[in-house]
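Student: Have a look at this one before I ask anything.
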Amino acid sequence: MKPKAFAALAVATVACLALAITTYAAQNRWAQAAVSGTALFPTLAAQAGNVAKVELKQGDSAITLARDKEGWTLADRANYPAKAEAVRALIVKLAQAELVEAKTRNKDRYALLELEEPGGKDAKSRQLRLLDDKGAVLAEAVIGKRRYDAFGSNRSGTYVRKPGDAQTWLSNADLDLTVAVKSWVNPAVLDLAAAKIGKLIVEVPGEEPLTIERDPTDKSKYTIAAIPDGKKLKAGAGPDSIVRAAGNIEMEDVRKAVGAPGTDAGAVKLEGDGGLAVTLKLRKDGEDSWVSLEASGSDGDAQKTADEVNARAKGWEFKIPAHKAQSILKKRDELFEAS
């Protein structure tokens, strides 16, 4: 390459690089800047160890987390165990949160930031309160919408306001708060690989039990025992999906089983490897589906799995999605058609 051509190419390269840096800096103006302001809760860092209760409300939904000698629980769900690390992470974020940018004081514009009154039926805002063991409020705020990449790539903020104060703010805290129970507990109630399930018996009131068995030559496939004469499986109605649905249960909510309202919807008796046996009892309460579990195992891994299931589930009922219940309690007319 001739010297003049090389020099021209070098100048062009430098110019392009400079333009790229300028463009990146313009699009990420917060990337290198310190994001700071006034503390959202000035005294919370010193009082974090005194937080004994966390209350969250959104519309008609609410959740209360409380600390006891054993850790954190769902106080409004009969003290079902909560994830202590999730609560601690929230308290740390709140203690470090700062108000960075003042936003609107116009109440008519609160909803744009999801900072409307949290008690409204369709409210997207969430009311947050932290209390000590005597009921004194240590921190309180209305938490609004997250603003993704507010302070550069992967640095989100959250809109907030203090009760009784018209001023709204963008804070530097990434607060993904929800009143959903599954966000504050270990939602997995049963997690059993389909390949470890040898047999499944589905019992629906008013119908003959349905038995599903593992193919002895291929552990990834299942068959329905005793298909009625003159019938065949409908397209897409394979038994494998029933096995997978029954072996994997995640809760949406939880309550004590004793005295809980509802009617019997059916049961599933699951037989796993090593003598593992799990019984799922499903009930309907209005439009909601609830399930309780009981497990046993002969020895070894089966007994260990049974003990883990019982430790999570004994004495409790778990709300599951309607589609999950429908996937488990398949009726015969949903599975078979005339051949």
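Student: So how tilted is helix 300-313 from the main axis of the chain? Cα-based, degrees 0 to 90, rounded to 10.
Tutor: 70
Student: Using modelled backbone amide H atoms (1.01 Å from N, in-plane), which distant-in-sequence or interchain residues come within less than 5 Å of VAL100's amide H?
Tutor: Close amide H contacts, sequence-distant or interchain: LEU170, SER171, ASN172.
Student: Give me P(r) over region 188-338, computed from all C-alpha to C-alpha distances, binned every 5 Å, as integer percentages.
Tutor: Whole-percent P(r) values from 0 Å outward: 2, 9, 19, 22, 20, 15, 8, 4, 1, 0.
Student: Turning to a different aspect of this structure: So if I place +1 on the C-beta of Lys and Arg and -1 on the C-beta of Asp and Glu, and nothing else carries charge, what would the dipole magnitude of the chain be about its Cα centre? I want it in debye, nearest 20.
Tutor: 1340
Student: Can you run phi through the Karplus equation (6.51, -1.76, 1.60; θ = phi - 60°) for region 104-111 and list ³J(HN,Hα) in whole Hz, with x for Gly and Pro?
Tutor: Once rounded to whole Hz, the list reads 5, 10, 7, 4, 5, 9, 4, 4.
Student: Filter the trypsin sites (Lys or Arg not before Pro) in region 201-270 to those in DSSP coil with at most 14 other Cβ atoms within 10 Å of their Cβ, and list the result.
Tutor: LYS234
Student: OK, next. Roughly what angle does helix 84-96 make with the longest principal axis of the chain, taking Cα atoms, 0 to 90 degrees, to the nearest 10?
Tutor: 10
Student: Now for a different question. Report, please, the projected area of region 38-180 averaged over directions, based on the convex hull of its C-alpha atoms, in nm².
Tutor: 8.7
Student: If we count every other residue with Cβ under 12 angstrom of ASP215's Cβ, Lys/Arg +1 and Asp/Glu -1, where does the sum land?
Tutor: +1
Student: On to the next question. So for the chain, taking the charge dipole from beta-carbon charges (+1 Lys/Arg, -1 Asp/Glu), which of ILE320, ALA46, ALA180 sits furthest toward the positive end?
Tutor: So the residue we want is ALA46.
Student: If you build the Cα gyration tensor of region 110-162 and take the root of 5 times each eigenvalue, what three semi-axes come out, in whole angstrom, biggest first?
Tutor: In descending order, the three semi-axes are 24, 17, 7 Å.
Student: Now for a different question. In whole Å, how far is the Cα centre of region 310-330 from that of region 106-165?
Tutor: Each part's Cα centre sits 33 Å from the other's.
Student: Related question: Would you pull out the residues with amide H under 5 Å of GLU250's amide H, same chain only if 5 or more places away, H placed 1.01 Å from N?
Tutor: For GLU250, whose amide H was placed from the backbone, the distant partners under 5 Å are VAL189.
Student: I would also like to ask the following. For ALA82, list long-range residues whose amide hydrogen, built 1.01 Å from N in the peptide plane, is under 5 Å from its own amide hydrogen.
Tutor: Here TRP72, THR73, LEU74 satisfy the definition.
Student: Right, something else. Which Cα, out of ILE201, ALA237, GLY297, lies furthest along the positive dipole direction of the chain (beta carbon charges, K/R +1, D/E -1)?
Tutor: ALA237
Student: Can you give the charge dipole size of region 225-339 about its Cα centre, rounded to the nearest 20 debye, using +1 on the beta carbon of Lys and Arg and -1 on the beta carbon of Asp and Glu?
Tutor: 280
Student: Then there's this: Over all directions, average the projected area of the Cα convex hull of the chain and note it in nm².
Tutor: If you wrap the Cα atoms of the chain in a convex hull and average its projections, you get 29.9 nm².
Student: What's log10 of I(q)/I(0) for region 43-103 at q = 0.12, 0.14, 0.24, 0.30 Å⁻¹, Debye sum over Cα points only, no solvent?
Tutor: With one equal scatterer per Cα and no solvent, log10 I(q)/I(0) is -0.35, -0.47, -1.04, -1.26.
Student: Give the residue from TYR110, LEU335, ASN248 lying farthest towards the positive end of the charge dipole for the chain; charges sit on Cβ (+1 for Lys and Arg, -1 for Asp and Glu) and the dipole is referred to the Cα centre.
Tutor: Comparing the listed Cα positions along the dipole, TYR110 ranks first.
Student: Order 204-210, 327-333 from most to least packed using the mean count of other Cβ atoms within 10 Å.
Tutor: Highest to lowest by the protection proxy: 327-333, 204-210.
Student: Measure nothing fancy, just the Cα-based angle from helix 3-27's long axis to the longest principal axis of the chain, in degrees from 0 to 90, nearest 10.
Tutor: Helix 3-27 sits at roughly 70 degrees to that axis.
Student: Exceeding 21 Å between C-alpha atoms, which entries from my cross-link table qualify? They are LYS281/LYS331; LYS199/LYS281; LYS53/LYS324; LYS103/LYS145.
Tutor: From the list (LYS281/LYS331; LYS199/LYS281; LYS53/LYS324; LYS103/LYS145), the Cα-Cα distance tops 21 Å for LYS53/LYS324.
Student: What list of ³J(HN,Hα) values in whole Hz, one per residue of region 41-57 in order, does the Karplus curve 6.51 cos²θ - 1.76 cosθ + 1.60 (θ = phi - 60°) give from phi, with Gly and Pro shown as x?
Tutor: 10, x, 9, 5, 4, 6, 9, 3, x, 8, 5, 10, 8, 10, 10, 10, 9
Only the coordinates and a few stated rules stand behind these numbers; no lab work does. All values reported here derive from a predicted model rather than from experimental measurement. Neighbour counts run over all protein chains shown; Cβ positions are idealised from the backbone, glycine included.
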